[in-house]
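Take a look at the structure set out below.
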2 protein chains.
Amino acid sequence: MEHVRAVEWAPSGQAVRIIDQRRLPGAFIERDLTTVDEVVEAIQTLAVRGAPAIGVAGALGLVAALLPYGGEPLPEFLVRARPIAARIRSARPTAVNLPVAVDRMVAMLDRAAAQGLDTPAVLEALHREATAILDEDRAMCRRIGEWGAPLLHDGARLVTHCNAGALATSGMGTALAPVYVAAECGRHVEVFAGETRPLLQGARLTAWELSRAGVPVTVVTDGTVASLMRAGRVDLCIVGADRIAANGDAANKIGTYAVAVAARHHGIPFYVAAPTSTIDPHAATGADIPIEERARAEVSGGGQTVPDAAAVFNPAFDVTPAELISGIITDTGLYRPPYRFA
Amino acid sequence: MEHVRAVEWAPSGQAVRIIDQRRLPGAFIERDLTTVDEVVEAIQTLAVRGAPAIGVAGALGLVAALLPYGGEPLPEFLVRARPIAARIRSARPTAVNLPVAVDRMVAMLDRAAAQGLDTPAVLEALHREATAILDEDRAMCRRIGEWGAPLLHDGARLVTHCNAGALATSGMGTALAPVYVAAECGRHVEVFAGETRPLLQGARLTAWELSRAGVPVTVVTDGTVASLMRAGRVDLCIVGADRIAANGDAANKIGTYAVAVAARHHGIPFYVAAPTSTIDPHAATGADIPIEERARAEVSGGGQTVPDAAAVFNPAFDVTPAELISGIITDTGLYRPPYRFA
């Protein structure tokens, strides 16, 4: 029951190996990134996506992009390294993980330089730091999986939304981590993946990584989930989160809230799984989380499905209020309501 | 505030004029059908769709297909007419309206022949009967509109799902009829159209006919509707129905039930609008209504969005239980719970 690896070192240790998610599920193509242009392009075009995965790709990518310059004297190397780091840091604007990871790499660069190391030794320190970021992300996923797996009894039937799986991290994912851990323990778990309009991450990505790992998965349109619940075919829901407010309100892909409402109506537990780094103590409630509105073409594209005269409302995320969340599964524990994060 | 006309006589009175719904919303093309092949093909390929519209198209189409044979002696004419009627009657298997309309036309043919009329007089009787079917369908729609319009105050914001509008009937539709009548009365009504995956009738058809009639309409993904309700942007929901059980349980396009559950959670009224002919007294509850399961490709099509190894569950309809339905708007009145149709 091995999950796919969305971001890792290539066997040489000198390139970032990613799964090109633009090509899924039609083609499974791994790409090795070695230049800053390749790293930035992969992040910007969503070849690698998911906040944790992007952070790891940025850290590993910075090292890969700097490796050719190991022969330079340290002052020249430092002058070269900073703008490369800055370019990677700003490849995508929203998720906090990418700047956090790059800033941590630059801090290590500064520390190593201050210690009077030569360029090869500085590069070695950067490589170790990037590997630490990778390992920590994987460990974070596994801890979420271990905290969440007890919720999945043998035969459990789970609903998820969007993709908060291995493809969104460098490890076994967040919302799907409990599924992988339960499967490792020999429990049979089935997943219903809401296709997740408009960009279909559930159909394209969640269904792909679960079926590749041998977990039975069935794709349904988002409007079918409530009917499955009414038919008694769902035991629980686990979704990811992009940001969690101090009171437990959780922002996630648009459509998540509809799943939470349907779960409540049917008395089905609804869990959010995310690393504690997703909790934003500066947001008191979900009302403090800004919701990105995205392009009309995401909904109206694909053969002119919406007439020009009609408007389109296409928010990227919604907020599920804490009172609909049965528990928040994190790397530091399973929190139950009332939620008071600070 | 004129709604489109999905099925009507061409100005000559010798052809059925339909809007070719296969081309919407990209192109607005009207087609005049004059042969049995054209009529059957239009029904089978969904150029004309919606149970009431198909029934009307069948009746008018039968007359159009028979008009060239007005010079034949009656015995030859009758031998020619019956297989043509049979072909149209079986063009689509599911909706009851098509066989009901064609059977009514054949009964008129029999009556007229028994009265000793000549062929031109029989054709005239058939033309009158088809026009009666058309007029009755239009009147049915308008009565639904008049019963439902008082639910829509000035400024009302309505959610609907799929297309139960003018494009599904020969008149102003069923679920959308109250919108057209309220607009005629000068009230401002806004509509949120759920796009209705997998076939997108809400985005393609409901948005087209409403914007063409000057009614402001906004398309959202099906998973966005609950968020709109939470944001206080929805006053009521009106949807159509394919079959209504004696206890008020209503089968309609998949995703309808999810809208009903979200409406209940937010305390928003949820109405079903349908002609009384939709009520099936032989179905005691929704459990007696069979649900068609449709092809995987409807969900997985469009650029291989679902990996081959994943399953797809694609029911065409769901059943909304009577306890979630605030009222059933029909051509004979607005029924409130408890529903006891017999």
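Spherically averaged projected area of the convex hull of Cα atoms, the range B:131-173: 3.3 nm². Considering only B:Pro150, B:Ala297, A:Ala85, the residue lying farthest towards the positive end of the dipole of the protein assembly as shown is B:Pro150, judged by Cα position with unit charges set on Cβ. The calculated FRET efficiency for A:Leu117 paired with A:Arg187, based on their beta-carbon distance and R0 = 60 Å, is about 0.80. Taking the label point 7 Å along Cα→Cβ, A:Pro269 and its counterparts in the other copies are spaced 4.0 nm apart, in ascending order. Start at zero, step by 10 Å, and the Cα-Cα distances of chain B spread as 6, 25, 32, 23, 11, 3, 0 percent across the bins.
Note: relative contact order over chain B, using C-alpha pairs below 8 Å and six or more positions apart, is 15 percent.
Which residue fluctuates most in the GNM of chain A (Cα springs below 10 Å): A:Ala182, A:Ala309, A:Ala274? Looking only at A:Ala182, A:Ala309, A:Ala274, the biggest GNM fluctuation is shown by A:Ala309.
Using Cα pairs closer than 8 Å and at least 6 residues apart in sequence, work out the relative contact order for the range B:140-251, in percent. Spell out each step's value before the answer.
Working: 201 pairs, mean separation 32.7, N = 112.
That works out to 29 percent.
Among the protein heavy atoms of the range B:185-289, carbon and sulfur supply 46% of the accessible surface, probe 1.4 Å, non-protein parts ignored.
Rounded to the nearest 20, the Cβ-based charge dipole of chain A about its Cα centre (Lys and Arg +1, Asp and Glu -1) stands at 540 debye.
Peptide A:185-197 is shielded by partner chain Cβ atoms: per residue, an average of 2 of them sit within 10 Å of its Cβ. What is the range B:204-342 by shape, rounded, prolate or oblate, if you read a ≥ b ≥ c off the alpha carbon gyration tensor as root eigenvalues and call it rounded for a/c under 1.5, prolate for a/b larger than b/c, and oblate otherwise? Oblate shape, in that a/c is at least 1.5 and b/c is the bigger or equal ratio. Highest mobility in the GNM of chain A, judged by mean-square fluctuation with C-alpha springs under 10 Å and restricted to A:Asn97, A:Asn252, A:Asn314, is found for A:Asn314.
Stokes-Einstein diffusion for the protein assembly as shown, with the hydrodynamic radius set to the Kirkwood value over Cα pairs and evaluated at 25 °C in a medium of 0.890 mPa s, equals 89 µm²/s. Using the Karplus relation 6.51 cos²θ - 1.76 cosθ + 1.60 with θ = phi - 60°, the per-residue 3J(HN,Hα) values for the range B:32-39 come to 9, 9, 10, 10, 4, 4, 5, 5 Hz, with x marking Gly and Pro.
The residues of the range A:20-51 listed by number as losing at least 40 Å² of accessible area in the complex, against the isolated chain and with a 1.4 Å probe, are A:Pro25. Between helix B:51-66 and chain B there is an angle of about 20 degrees, using the helix long axis and the longest principal axis of the Cα atoms.
Between copies, the label points of B:Gln44, set 7 Å from Cα on the Cα→Cβ line, lie 5.2 nm apart, reported in increasing order to one decimal in nanometres. Interface between chains A and B: roughly 3700 Å² of accessible area buried, both sides summed (probe 1.4 Å, protein heavy atoms only).
Treating each Cα of the range A:7-159 as an identical point scatterer and ignoring solvent, apply the Debye formula and state log10 I(q)/I(0) at q = 0.08, 0.14 Å⁻¹. At q = 0.08, 0.14 Å⁻¹ the computed log10 ratios are -0.25, -0.69. Comparing B:Ser90, B:Ser326, B:Ser170 in a Gaussian network model of chain B, where Cα atoms under 10 Å apart are tied by springs, the biggest mean-square fluctuation is seen for B:Ser90.
Taken along the Cα-to-beta-carbon direction at a fixed 7 Å, the label points for A:Arg142 and B:Ser277 span 6.6 nm.
Taking the charge dipole of the protein assembly as shown about its Cα centre, with +1 at Lys and Arg Cβ atoms and -1 at Asp and Glu Cβ atoms, the residue from B:Met172, A:Ala309, B:Val122 reaching farthest to the positive side is B:Met172. Evaluated at q = 0.23, 0.25 Å⁻¹, the base-10 log of the normalised Debye intensity for the range A:24-66, with identical point scatterers placed on the Cα atoms, takes the values -0.76, -0.87. Between copies, B:Arg80 shows label-point distances of 8.9 nm, shortest first, with the point placed 7 angstrom from Cα along Cα to C-beta.
If you roll a 1.4 Å probe over the heavy atoms of the protein chains, what accessible area per residue do you get for the protein assembly as shown, in Å²? Heavy-atom SASA per residue in the protein assembly as shown reads 37 Å². For the pair the range A:147-170 / the range A:316-342, the C-alpha centres are spaced 16 Å from each other. Inter-part distance, the range A:265-313 to the range A:1-56, computed on C-alpha centroids, equals 25 Å. In nm, to one decimal, how far is the modelled label at A:Arg23 from the one at B:Ser90, with both set 7 Å along Cα→Cβ? Modelled inter-label distance: 5.0 nm. For the range B:91-202, compute Rg over Rh where Rg is the Cα radius of gyration and Rh is the Kirkwood radius from the inverse mean 1/r over Cα pairs. Over the Cα atoms of the range B:91-202, Rg/Rh equals 1.14. Normalised by 2.2 N^0.38 Å, where N counts its residues, the alpha-carbon radius of gyration of the range A:148-228 equals 1.00. With R₀ fixed at 56 Å, the C-beta to C-beta distance from B:Val79 to A:Asp103 puts the FRET efficiency at about 0.05.
What net charge is computed for the residues neighbouring B:Asp288, neighbours being all others with C-beta under 15 Å from the C-beta of B:Asp288, Lys and Arg scored +1, Asp and Glu -1?
So the surrounding residues net to -4.
The values are calculated or read from the model by the stated rules, or taken from the named source; none is laboratory data. All values reported here derive from a predicted model rather than from experimental measurement. Don't worry about glycine lacking a Cβ; one is built from the backbone with ideal geometry, like all the others, and counts go over all protein chains shown. The area values use the complete protein model at the heavy-atom level, side chains included, leaving out ligands, DNA and RNA. Shrake-Rupley method; radii C 1.70, N 1.55, O 1.52, S 1.80 Å.
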